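The values are calculated or read from the model by the stated rules, or taken from the named source; none is laboratory data. None of the values given here were measured: they were computed from a predicted structure. For neighbour counting, all protein chains shown are included, and Cβ atoms are generated from backbone atoms with ideal geometry for every residue, glycine included. When the accessible area is computed, the model is the full protein with side chains, heavy atoms only, and any ligands, DNA or RNA have been set aside. Shrake-Rupley method; radii C 1.70, N 1.55, O 1.52, S 1.80 Å.
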Amino acid sequence: MHKRIRNIWKRICCWTGLCLLLASPLTAKDFTVVLDAGHGGHDAGAVGRISKEKNINLKVALAVGRLLEQNCRDVEVVYTRKTDKFIPLHGRADIANRAQADLFVSIHTNSLPKGKIARGTETYTLGLHRTKENLAVAQKENSVILIESDYKQRYAGFNPNSAESYIMFEFIQDKNMKQSVRLAQSIQRQFRTTARRNDRGVRQAGFLVLHATSMPSVLVELGYISTPDEERYLNSAQGVSDLSRSIYNAILDYKRRQPGTSGVGEPADLPAEDSNNLPTEDVSEESESRAEPEKTPEPTAPVPSQSQTTADAPVFKIQILTSSTRLKTNDRRLKGLAPVEYYVEGGLYKYTYGASTDYNEVYRTRKQILAKFKDAFIIAFRGNEKMNVQQAIKEFKQNKHK
Ligand SMILES: [Zn+2]
């Protein structure tokens, strides 16, 4: 008899366990955050007197992740790295795109050349820099691609050190932009109030890692490793705790404002203080490192165009793959994408998707197909001739202002 009861009891337990297992999708994580600790392995990032950027970034990223994992059961945390290893920039974006993440937060630490002092945090969204200082930050962070062997091919001729290359970031206006700025503002607000850091503002610049992700994305600069007292703070338990709590709070705040998430309805408009969010500045700073408030970038002053007419305007397309043979329209490698076109270059068939004289439109389309074609990049043609894409963007800009 006893044995029978025990058997029944066992069965009940088994069924309950199975039911819970089957029911688990109901409580599945509905929000994925990718935490990207910048640099790693043989790429140390900026180097201070007592520490390296890669280690600060990792400590803070892991601490943010821990807070999310411990306190938010509906948030899935994906790390681009959890240890001291090198990951190329495109690899970081791939991880986020594959995970179909809702947010991408890249964590970095700033530095200035010898003799220059600055203190405080900055959060960047993708866009065209307004100041040389912001361009310098993007150039420094992008220059890590130079240690990737195939960077010329992979980043379509992008030269991180040439200011010319950054023109491609001028027209970025997609739906992610607004959300990215919202998260960036929230992070800066938290740095100011929770961590009591000097707020150097929300800024825009052309970061390749943000360009390659297909979801709202920001890049955080936690502080200046080149400023001795700030470096000590960045390496202290207090510093790591304050900064990680700030980012954690901001992610939660962002998530709460998303439509369809639990507890709160439609995203509320940002409080007035944000729209005039003038960063406070260190009075001791040199003028070079002064912060400038930035919002959604607007096109710069029109450049008078010469004989260009829209009839021979460059056409932008997205190159998705290269093959040594011609592909059938139902080839698996095309992943169902249609219609596609190809052109032949260097004996190879190069397949493209989409075509428009509107760079913005092609830019948005590229974002949509990144999950399928992680290396998709924009190229340009005039007539049937392939042309330099930077030149094409320049002309697009000129035509726009006619
Ligand atoms: Zn960095």
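Just a few scattered comments:
- In segment 177-191, the residues that are basic (Lys, Arg) reach residues that are open to solvent by 20 Å² or more (accessible area, probe 1.4 Å) with C-beta atoms within less than 7 angstrom, at least six apart or across chains, in these pairs: 182/270.
- Residue 116 meets all of the listed conditions (1) outside any helix (DSSP H, G or I); (2) open to solvent by 40 Å² or more (accessible area, probe 1.4 Å); (3) under 30 Å from residue 322 (Cβ atoms) but one, namely (3).
- Flag if residue 69 is over 30 Å from residue 350 (Cα atoms), surrounded by fewer than 21 Cβ atoms within 10 Å (Cβ to Cβ) and free of Cβ contacts under 8 Å to residues at least 12 places away in the same chain: yes
- Members of segment 27-55 found to be of a type in the set (Val, Ile, Thr) and assigned to a helix (DSSP H, G or I), listed by number: 27
- Meets criteria (of a type in the set (Ser, Thr, Tyr) and surrounded by 23 or more Cβ atoms within 10 Å (Cβ to Cβ)) for residue 194: no
- From the options 85, 132, residue that is at pLDDT 85 or above, within 16 Å of the ligand (Cβ to nearest atom) and basic (Lys, Arg): 85
- In segment 212-230, the residue that is most open to solvent (accessible area, probe 1.4 Å) out of those that are within 14 Å of the ligand (Cβ to nearest atom) and over 8 Å from the mean Cα position of the chain (by Cα) is 226.
- Among the residues of segment 358-397, those identified as closer than 30 Å to residue 102 by Cα, open to solvent by 20 Å² or more (accessible area, probe 1.4 Å) and assigned to a loop (DSSP other than H, G, I, E, B) are 358, 371, 372, 374, 375.
- Hits in segment 38-55 - residues which are within 13 Å of the ligand (Cβ to nearest atom) and basic (Lys, Arg): 52, 54
- Checking each residue in segment 149-170 for being touching a helix residue (DSSP H, G or I) at 6+ places or on another chain (Cβ under 8 Å), closer than 13 Å to residue 90 by Cα and of a type in the set (Ser, Thr, Tyr) picks out 151, 155.
- The lone exception for residue 99 - which of (1) aliphatic (A, V, I, L, M); (2) within 16 Å of the ligand (Cβ to nearest atom); (3) surrounded by fewer than 22 Cβ atoms within 10 Å (Cβ to Cβ) it fails: (2)
- Condition met for residue 58 (within 16 Å of the ligand (Cβ to nearest atom), at pLDDT 95 or above, closer than 24 Å to residue 210 by Cβ and assigned to a helix (DSSP H, G or I)): yes
- Selection from segment 231-245 of residues that are among the aliphatic types (A, V, I, L, M) and buried (at least 21 other Cβ atoms within 10 Å of the Cβ): 234, 243
- Flag for residue 122 being in contact with a strand residue (DSSP E or B) (Cβ under 7 Å, 6 or more places away or on another chain) and surrounded by 21 or more Cβ atoms within 10 Å (Cβ to Cβ): yes
- The single condition among (1) within 16 Å of the ligand (Cβ to nearest atom); (2) farther than 17 Å from residue 246 by Cα; (3) part of a helix (DSSP H, G or I) that residue 94 does not satisfy is (1).
- Checking each residue in segment 132-173 for being farther than 19 Å from residue 364 by Cα and aliphatic (A, V, I, L, M) picks out 135, 136, 137, 138, 144, 145, 146, 147, 163.
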